[in-house]
1. Can you classify the chain as rounded, prolate or oblate using the Cα gyration tensor, where a ≥ b ≥ c are the square roots of its eigenvalues, rounded means a/c under 1.5, and otherwise it's prolate if a/b beats b/c and oblate if not?
2. What is the dipole size for the chain, taken about its Cα centre, with +1 at each Lys and Arg Cβ and -1 at each Asp and Glu Cβ, in debye to the nearest 20?
3. From the Cα gyration tensor of the stretch 1-50, with a ≥ b ≥ c the square roots of its eigenvalues, which class applies: rounded if a/c is under 1.5, or else prolate if a/b is larger than b/c, or else oblate?
4. Rounded to the nearest 500, what is the chain's calculated 222 nm mean residue ellipticity when only DSSP H runs of at least 4 contribute -39500 (n - 2.57) each, over all residues?
5. Alpha carbons only, please: Rg and Dmax for the stretch 47-134, in angstrom.
6. Cross-link list 90/126; 126/170; 101/169; 50/152; 54/88; 50/126: which exceed 22 angstrom alpha carbon to alpha carbon?
Amino acid sequence: MREDNYTFQWSDLGDIELGRPELGNTTYVSIYRMLQFSVRSAIALEYGGKAAQKIFYNAGIMAGKEFCINNLDTSLDACQFFIHLADKLKEFNIGLLEVEKTDLGNLHFIVTVSEDLDCSGLPDSKETVCGFDEGFISGILREYMGIDFLVKEIDCWSNGNKLCRFEIKKK
């Protein structure tokens, strides 16, 4: 990351093919989760759980924006965009997206993600844990539509469901 600017950009990820010619562009989900959960724990211990959730949501917004800019076709209509998004999330092994409800007039959506990178297979903690995913979806849709969205996880693997369900509303 650039010392003079701490705003995440896709270019911060570097040239993975050059840097990992033998190991490539994959790793274990457990290693990704180890990084995510340890950073969230460190933030929560230092600043509190609510601050950690807010920081992860905001990080997700930044990541979603950059993901959209660098990987998604924003010229598509909304229906085709969601299909394209689902294809990309599967291609990147992030999760399997399905749209349950679409109300374009009110900009209200319900989507599910199964086999979610962040939580599928976690023990039941009675809590939702996908704050980064909430922000990620919000950032993607903000970049695509030019509108701020509030994304709230309403079901999660870690609160007893076998998929994550997100409600998306115009802010």
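1. Since a/c stays below 1.5, the shape of the chain is classed as rounded.
2. Charge dipole, the chain, about its Cα centre: 540 debye, nearest 20.
3. Oblate is the answer for the stretch 1-50, as a/c is 1.5 or above yet b/c matches or exceeds a/b.
4. Estimated from H runs of four or more residues: -14500 deg cm²/dmol.
5. 14.3, 41
6. Where the Cα-Cα span goes over 22 Å, the pairs concerned are 90/126; 126/170; 54/88.
Read the figures in this text as sums done on the coordinates, not as results from a lab. Not measured: the values here are computed from a predicted model. All Cβ positions, even for glycine, are placed from backbone atoms using ideal geometry, and neighbour counts span all protein chains on display.
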